[in-house]
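The structure under discussion appears below in the form of structure tokens.
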Amino acid sequence: MSCSSDKRRHTIKTFNKICLIVCLFANFTNAEFIVQSYQEIKNQRVVRQTYEESCGASSLATLINLIDNQKFNELEILKLMPP
């Protein structure tokens, strides 16, 4: 009797593994992946300079955002800086 019981347990374990694989495969086929270049990944947290002479403001905004976990943009820093 233990031999048939062992076979049954093995069959149930195999069935469970197959069900898990099928479920995981179904989830991966519906996944959407966003492809980014290395340059995009590297610059995703950098505040880009948009005005001709605002490199200081954009670099300061980048540093503040990285160090203090803020969401400053270049224009907000420019408004805070004295003329």
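Computed from the coordinates by the stated procedures, all read-outs in this text should not be read as laboratory data. Predicted, not measured: the structure shown is a model, and the values here were computed from it. So basically every Cβ, Gly included, is an ideal-geometry build from the backbone, and we count neighbours across all protein chains shown.
Some notes on this structure:
- In sequence order, the stretch 69-83 has phi-based couplings of 6, 9, 10, 6, 10, 4, 5, 5, 5, 4, 5, 7, 7, x, x Hz under the Karplus curve 6.51 cos²θ - 1.76 cosθ + 1.60, θ = phi - 60°, and Gly or Pro positions carry x.
- Lysine pair number, Cα distance threshold 29 Å (strictly under), the chain, separation 8 or more or different chains: 4
- Label-point separation in nm, T14 to Y38, each point 7 Å along Cα→Cβ: 4.7 nm
- In order through the stretch 38-48: 3J(HN,Hα) via Karplus (6.51 cos²θ - 1.76 cosθ + 1.60), integer Hz, x for Gly, Pro: 4, 4, 5, 5, 5, 9, 5, 9, 8, 7, 7
- MRE, 222 nm, helices only [DSSP H, n ≥ 4, -39500 (n - 2.57), over the chain, to nearest 500]: -21000 deg cm²/dmol
- Contour excess over end-to-end distance, with Cα ends at R48 and V22 and 0.36 nm allotted per residue: 4.9 nm
- Options (i) 1.21; (ii) 2.05; (iii) 2.34 - which one matches Cα Rg over 2.2 N^0.38 Å as calculated here: (iii)
- Nearest 10 degrees, 0 to 90: helix 55-68 Cα axis against the chain principal axis: 40 degrees
- In order along the stretch 20-25, phi translates into HN-Hα couplings of 4, 5, 5, 5, 5, 4 Hz, rounded to whole numbers, per the Karplus curve 6.51 cos²θ - 1.76 cosθ + 1.60 with θ = phi - 60° and x for Gly and Pro.
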